[in-house]
Amino acid sequence: MRKIECISVFDMLKVGVGPSSSHTLGPWRAAQRWIAELKSKERFDQVEKIHVDLYGSLSLTGKGHATDIATVLGLLGHDPVTMDIEILDSEISNVRETGRLLLNGEREIEFSIAENIKFNRKFLEFHPNGMTFRACLFNAKKTSSSFYSIGGGFVVKKERKNASKKMKNFQNFPFSIEKATELLAFCKKENKTISEIVLENERSLRTDEEIDANFKQIWNVMLESMYIGCHTEGTLPGGLNVKRRAFEMHQRLIGDTSYTDVEDWIPAIRQTEVKFRQILKWVTCFALSVNEVNASLGRVVTAPTNGSAGTVPAVLMYYLCIENH
């Protein structure tokens, strides 16, 4: 029996907060999963203290990728898809100043980001991006759980309990594809395009209405991240005083064309005179705007990682605006 797991389009295109899918989004999701574990084992209400150990790569570049901040936001019960990004700084500041954390928005416990999140240089055996959550309970017992952020926002445990389900879903795909050559063979045999083959596989996981709704959400986040990036000036966070470039680039390209909001933005871009030499500038501006939003802990879509989050929306905007589709 094949041991290939199904991967949905929505596993690759995920809404999250930057700057890194493996070092920011992954630990955030891991914190959420740990809280769900505590609740399923009826230990959540017994938690007195918690401690988080970051290992290997999560530790070595954790500060730069805001791994500790993302972990705290997950422990607070925030979701990277729905959280109001405007309150991110104030939420972290509150934990730092009070030394207390409202676990999952329900139970207040003592917590110091500097003391209760430890950066360990050693690597865990299973994967370079490992982290362990530990809790002391009121009955003097302890509980712990380890997670691994394997890239693209995917979070797994060593025992991979969900793997069998994903393998079963793969077997139920109308077109179970492991290699590009198999994909091409299916396209020729069924006389379908690649996108039509992928769509048929997605339909074995969810309805057309769910597929459309998910894509609409993904596009809205992509569009919003480009709009925010093109309309935010100043420097990027992190202490290196890196100047944002998308703002001025966009100003030069859009010129005096008027618009009021993100919905008017696409028609406004279409009204500008786009010559051949400006096309690359526009596409670069779109991609760079998302990169800058990603670098400033903004909301973006992995494509398939936060590092490449600007490429897909930039190409789509080219198709919509420059090609006028």
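Got a sec? What order do Asp68, Asp11, Asp264 fall in by accessible area at 1.4 Å, biggest, i.e. largest, first? Don't jump to the answer; show the numbers that get you there.
Details: Asp68 10, Asp11 35, Asp264 65 Å².
Result, largest first: Asp264, Asp11, Asp68.
Taking all protein chains into account, the per residue accessible area for the chain stands at 54 Å² (1.4 Å probe). The P(r) of segment 214-325 has a tail past 24 Å containing 19 percent of all C-alpha pairs. Here the accessible area of the chain is 51 percent carbon and sulfur, with a 1.4 angstrom probe and all protein chains present. Along segment 84-90 the Karplus relation, 6.51 cos²θ - 1.76 cosθ + 1.60 evaluated at θ = phi - 60°, assigns HN-Hα couplings of 6, 4, 5, 9, 4, 5, 5 Hz to successive residues, with x for each Gly and Pro. Rounded to the nearest Hz, the phi-derived 3J(HN,Hα) couplings of segment 206-223 under the Karplus curve 6.51 cos²θ - 1.76 cosθ + 1.60 (θ = phi - 60°) are 7, 6, 4, 5, 5, 4, 4, 5, 5, 5, 5, 4, 4, 5, 4, 5, 4, 5, where x marks glycine and proline.
Which loop-located GluC sites (Glu not before Pro) does segment 247-325 contain, where loop means any DSSP state but H, G, I, E or B and the Cβ has at most 11 other Cβ atoms within 10 Å?
Details: sites: Glu248, Glu263, Glu273, Glu292, Glu323; in loops: Glu273, Glu323.
Taking segment 247-325 and a limit of 11 other Cβ atoms within 10 Å, the loop GluC sites (Glu not before Pro) found are Glu273, Glu323.
Based on C-alpha pairs under 8 angstrom that are at least 6 apart in sequence, the chain has a relative contact order of 24 percent.
Just by accessible area at a 1.4 angstrom probe, what is the order of Lys49, Lys14 from largest to smallest?
Working: Lys49 110, Lys14 40 Å².
Result of the area sort, largest leading: Lys49, Lys14.
Net charge near Val81, counting Lys/Arg +1 and Asp/Glu -1 over other residues with Cβ under 13 Å of its Cβ? Here the count lands on 0.
Overall form of segment 76-150: oblate. Here a/c, set by the Cα gyration tensor axes a ≥ b ≥ c, is 1.5 or more, and a/b is not larger than b/c. For the chain, the Kirkwood radius over C-alpha pairs fed into Stokes-Einstein at 4 °C and 1.567 mPa s yields D = 60 µm² per second. Computed from Cα atoms, the angle from the helix 26-40 axis to the main principal axis of the chain rounds to 50 degrees. Mind scanning Lys122/Lys243; Lys14/Lys275; Lys14/Lys179; Lys63/Lys122; Lys39/Lys63 and naming the pairs with a C-alpha gap bigger than 26 Å? Table pairs above 26 Å Cα-Cα are Lys122/Lys243; Lys14/Lys275; Lys39/Lys63.
For segment 1-156, the direction-averaged projected area of the alpha-carbon convex hull comes to 10.3 nm².
If you sort the three axes of the alpha carbon gyration tensor as a ≥ b ≥ c, you get a/c of 1.5 or more for segment 255-299 and a/b no higher than b/c, which makes it oblate.
Every helix of 4 or more DSSP H residues in the chain counts as -39500 (n - 2.57), and over all residues that averages to -13500 deg cm²/dmol at 222 nm.
Any idea how far the Cα center of segment 65-113 sits from the one of segment 255-325, in Å? Comparing the Cα centres of segment 65-113 and segment 255-325, I get a distance of 31 Å.
The values are calculated or read from the model by the stated rules, or taken from the named source; none is laboratory data. All of these numbers come straight from a predicted model, not from anything done at the bench. Cβ coordinates were reconstructed from backbone atoms using ideal geometry, including for glycine residues, and neighbour counts include every protein chain displayed. All accessible areas refer to the heavy atoms of the entire protein, side chains included, with ligands and DNA or RNA removed. Shrake-Rupley method; radii C 1.70, N 1.55, O 1.52, S 1.80 Å.
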